[in-house]
Amino acid sequence: MLVLLNTVVVKLPDVARLPPGLEPLNGATPAGVLKAGAELYAKHPRLEYDRPDIAEWYCSLLAAKVPGVGGVLFEKVGDRYVGRLAEAPFPLLARLYKMQRDGFSIEDEANRTVWYPAKRVLAAAAVR
């Protein structure tokens, strides 16, 4: 399984063990997992680059709590981080993952195909 974390595609392992001390997150709701991600980003603003081990674990937890999630974007808003979920079809994630694995930056493509459309949907929903 693949999950887009900001602008990095994370390939999930078959089994991801929860780091010691974080066992309570097993019982967290999807909203609680999203909040935990925001707290992780407050401590590690470049989580997907600086702590890929934690990023992989976090994406595994998110995928377990929100089946079918394609991606999650964490952005700093004021003095805190806010997470936003998005759908992304597997073929798109696979293409982005291949580009990334081949050494290409996927930031522009991830923004164009996942995050900009997701922002437009949110903006349209807010207007209603």
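Where only DSSP H runs of four or more residues are counted, the chain gives -14000 deg cm²/dmol as its mean residue ellipticity at 222 nm, each run worth -39500 (n - 2.57).
Rounded to 0.05, the FRET efficiency of the residue 80 and residue 107 pair, given R0 = 22 Å and the Cβ-Cβ distance, is 0.45. Checking every one of the chymotrypsin sites (Phe, Trp or Tyr not before Pro) in the stretch 48-122 against DSSP loop status and a limit of 15 other Cβ atoms within 10 Å picks out 104. Across the chain, the volume of the C-alpha convex hull divided among the residues equals 118 Å³ per residue.
In this label model, residue 51 and residue 90 are separated by 3.0 nm, measuring between points 7 Å along each Cα→Cβ vector.
We did not get these values from a lab; they are worked out from the coordinates using the rules stated. Quick caveat, the model's predicted, so the values are computed rather than measured. As a convention, Cβ positions derive from the backbone with ideal geometry for all residues, glycine included, and neighbour counts pool all protein chains shown.
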